[in-house]
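Inspection log for the structure reproduced underneath, given as structure tokens.
The values are calculated or read from the model by the stated rules, or taken from the named source; none is laboratory data. Bear in mind that the values here come from a model prediction, so they are computed numbers and not experimental data. Here the Cβ positions follow ideal geometry from the backbone for every residue, glycine too, while neighbour counts run over all protein chains shown.
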Amino acid sequence: MTLLVLTLMVGMGTAINQPAWQASVRLQVGRADLPQAVALNALSANLARSAGPALGGVMISIWSVSAAFAANALSYVGMLVVLARWRPEARRPERQPMLASIRVGLAFCFGSVPIRKVLLRGALFGFGASAFTALMPAVAHDALAGTELDYGLMLGSFGVGSIVNALWVSKARRRFGAEIVVSGATAVFIAALLLLAAATTLPAALVAGFVAGSGWVAAMTSLNVAMQLRSPEAILGRCLSLYQAVTFGGMALGAWAWGMVADAGGVMLALHAAAAWLGASLLLALVVPMPKREEGRVDAVQEPNTRKG
């Protein structure tokens, strides 16, 4: 129970932090550089994803789990100092009642056809892709008889794949469009799930992690850019909050669902079922494609009407 409560607290902190963090990217770069900045933001996050788990596995094997968590907590001090000293040049926000502000964000997002497409694709991908990270510990422990270090290396390979892919995903999106990139990334992730299901050795699992990381960053970065380019400055944080709630909510439900499938029929069945889900989402993409390049883009700061009536 304590572990569930602490995990809930981490999720609550992430829900508050991530929309503001992602929205701050637009305060640091111009709109023309936004896709590259989002990709760079993903690159830095996945650089930490690749080094952190491997380092954590080493610390656990040498010292203890408590020491690894303590070191992780201390690592936030530097970031807090930087944020406390940051003074971005931004328009002073208008104070509004909380519920009215939420209503404005929801009304805009659900009233925008392009944004609804992005939210749907994010929910579908998040639900299916969550199986990889949710079931990776079971694969490491049961199929590979691995240690904490092996699991850390698997997570690290996921991060390395994300880093390598983040270096060229913006160029691919400019050349081929968001739909090709998101659908291609989904196909790559299907391959990663099947590779993980078939893995019986650590090197095979590392390959699966690398492939999954490549598909993950391509899909998530493209979805994030599509959302940012179609959200007005005045309600950007609210739009990104909804995007995160839908996408990461899908991941949370998916992790629970694939865990239930694994309990009932085994980890391999759950991984194959998740791959089938993502395959079905590719068929749905024929009906609900990602927004076209200029569809619904907000090229100037817009202020949605927040007054009643």
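Conditions tested, residue by residue: (1) surrounded by fewer than 24 Cβ atoms within 10 Å (Cβ to Cβ); (2) at pLDDT 95 or above.
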position: 202; (1), (2): yes, no
position: 215; (1), (2): no, no
position: 233; (1), (2): yes, no
position: 241; (1), (2): yes, no
position: 257; (1), (2): yes, yes
position: 266; (1), (2): yes, no
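All of 160, 113, 139 fail the test of being at pLDDT below 90, among the aliphatic types (A, V, I, L, M) and at negative phi, apart from 160.
Residues are listed down the side, and each one gets a yes or a no for (1) surrounded by fewer than 21 Cβ atoms within 10 Å (Cβ to Cβ); (2) under 13 Å from residue 218 (Cβ atoms); (3) aliphatic (A, V, I, L, M):
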{"site": "143", "(1), (2), (3)": "yes, no, yes"}
{"site": "152", "(1), (2), (3)": "no, no, no"}
{"site": "155", "(1), (2), (3)": "no, no, yes"}
{"site": "166", "(1), (2), (3)": "no, yes, yes"}
{"site": "172", "(1), (2), (3)": "yes, yes, yes"}
{"site": "196", "(1), (2), (3)": "no, no, yes"}
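Consider segment 41-58 and keep the residues that are in contact with a helix residue (DSSP H, G or I) (Cβ under 7 Å, 6 or more places away or on another chain) and closer than 12 Å to residue 221 by Cα. The one that is modelled with the highest pLDDT is 41.
Only one of the numbered conditions (1) crowded, with 21+ Cβ neighbours inside 10 Å; (2) farther than 20 Å from residue 17 by Cα; (3) in contact with a Leu (Cβ under 6 Å, 6 or more places away or on another chain) is violated by residue 122, and that is (2).
A quick yes/no check of all residues on (1) surrounded by fewer than 21 Cβ atoms within 10 Å (Cβ to Cβ); (2) more than 20 Å from residue 298 (Cα to Cα); (3) at pLDDT 85 or above:
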site: 77; (1), (2), (3): yes, yes, yes
site: 81; (1), (2), (3): yes, yes, yes
site: 84; (1), (2), (3): yes, yes, no
site: 92; (1), (2), (3): yes, yes, no
site: 95; (1), (2), (3): yes, yes, no
site: 104; (1), (2), (3): yes, no, yes
site: 108; (1), (2), (3): no, no, yes
site: 132; (1), (2), (3): no, yes, yes
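Restricting the first member to segment 62-89 and to residues that are in contact (Cβ under 8 Å) with a residue 40 or more places away in the chain, and the second to residues that are surrounded by 11 or more Cβ atoms within 10 Å (Cβ to Cβ), the beta-carbon pairs closer than 8 Å and six or more apart or on different chains are 88/24; 88/27; 88/28; 89/27. Applying the condition of being assigned to a helix (DSSP H, G or I), in contact with a helix residue (DSSP H, G or I) (Cβ under 8 Å, 6 or more places away or on another chain) and at pLDDT below 95 to segment 269-293 and asking which residue is nearest to residue 187 (Cα to Cα) yields 282.
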